[in-house]
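The values are calculated or read from the model by the stated rules, or taken from the named source; none is laboratory data. Because the structure is predicted, anything quoted here is derived from the model rather than measured. Using ideal geometry, Cβ is built from the backbone for each residue, glycine included, and neighbour counts are taken over all protein chains shown.
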Amino acid sequence: MTEQVNSRVVAKRAMSDHFSDLASGYRKIRTTDLRPVKYIQKFLGSYSKVVAADVGCGTGRYSALLIKHLGEKLFLHCIDSNEFMLQQLAEQLPSIGGERIKVLRGTAEELPLPDESLDALTTFNAVHHFPLQAFLQESCRVLRRGSYLFVYTRFQSQNKRTIWGKYFPRFSEKEDRLYELESISRVSADVPGLNLVKVVPFRYRRRAGIHRLVEQAKGRHYSTFSLYGQEEFGEALDTFERELLQRYKNPAAINWYDENVLLVFQNS
């Protein structure tokens, strides 16, 4: 039991270091999907005013899209536990939202917000870093009755079907933090008042050259890559390159599909 606790502590520290190291270049190496933001915009279309929080906001890639597409009616709390990510976000504030954004340092299990203070709460590609039940309970605490929690993520099964899951050695094996719908539904069922009301799938056709994919892997654009040892990662990257060169006739134009899902919960 002690060994399991110690391994979790080490992994948590590794992730903290990972995001601190990547903060300055994070926007350049990550892919940002617009479709879930537009779905949220439409879903909240009847609201004349929205007070929301984006938890695990990082450098604010999705926060900026929320501000842009929900417009003047949105006031957004941007919350992350990593100070270096938040510093990058703070530098962007004048160009993305100014007074309509408040940057807060905090954790998903202890949100720095009053009870029943939000109309909506979002998190994008971050929930697998959170203690799920504690996060869902905190979401209920800070959401007003009838308000919504939007969780954009990918399932473990979806992750296995990505180009990384198929061809990057041990990628799916290393990434054991992702959930399936069944496990999320089971945990959320134990949170009083929280109901899963919609499951919205997204599928994206991606295209990139092999050099871009290698650049992303070297830049650790998925935190999964930080779970490899240095030598192990180098060997896996070499194998990944060889696999792509063998399987794709034009390595400058590699096509694949990514899958994600938006889970919509209501605090009833």
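Structure values in brief
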{"item": "Filter result for T32 (of a type in the set (S, T, Y), surrounded by fewer than 24 Cβ atoms within 10 Å (Cβ to Cβ) and at pLDDT below 95)", "result": "yes"}
{"item": "Top-ranked residue in the stretch 120-161 [being crowded, with 19+ Cβ neighbours inside 10 Å and of a type in the set (D, E, K, R); ranked as nearest to the chain's Cα centre (by Cα)]", "result": "R154"}
{"item": "Meets criteria (of a type in the set (A, V, I, L, M, F, W, C), in a helix (DSSP H, G or I) and touching a residue at least 60 places away in the same chain (Cβ under 8 Å)) for F135", "result": "yes"}
{"item": "Selection within the stretch 187-205 - over 21 Å from K160 (Cβ atoms) and not small (G, A, S)", "result": "V187, D190, V191, P192, L194, N195, L196, V197, K198"}
{"item": "Answer residue from the stretch 240-268, given it is in contact with a Lys or Arg (Cβ under 8 Å, 6 or more places away or on another chain) and aromatic (F, W, Y) and is surrounded by the fewest Cβ atoms within 10 Å (Cβ to Cβ) among those", "result": "Y257"}
{"item": "Filtered residues of the stretch 206-235 (kept if in a loop (DSSP other than H, G, I, E, B), over 14 Å from I163 (Cα atoms) and touching a residue at least 12 places away in the same chain (Cβ under 8 Å))", "result": "G219, R220, Y228"}
{"item": "Residue in the stretch 138-164 that is farthest from V199 (Cα to Cα), counting only those that are part of a loop (DSSP other than H, G, I, E, B) and in contact with a strand residue (DSSP E or B) (Cβ under 6 Å, 6 or more places away or on another chain)", "result": "T162"}
{"item": "Looking only at the stretch 32-82, and only at residues there that are part of a loop (DSSP other than H, G, I, E, B) and under 19 Å from V200 (Cα atoms), the one that is farthest from the chain's Cα centre (by Cα)", "result": "G45"}
{"item": "Residue in the stretch 177-196 that is surrounded by the fewest Cβ atoms within 10 Å (Cβ to Cβ), counting only those that are among the hydrophobic types (A, V, I, L, M, F, W, C) and part of a helix (DSSP H, G or I)", "result": "L181"}
{"item": "Test: residue in the stretch 95-116 that is modelled with pLDDT of 95 or more, assigned to a strand (DSSP E or B) and touching a Pro at 6+ places or on another chain (Cβ under 8 Å)", "result": "yes"}
{"item": "Residue within the stretch 205-218 that is under 30 Å from C140 (Cα atoms) and either out of contact with any His (no Cβ under 7 Å at 6 or more places or on another chain) or crowded, with 17+ Cβ neighbours inside 10 Å (or both) present", "result": "no"}
{"item": "Residue check, T107 closer than 23 Å to D33 by Cβ, β-branched (V, I, T) and touching a strand residue (DSSP E or B) at 6+ places or on another chain (Cβ under 9 Å)", "result": "no"}
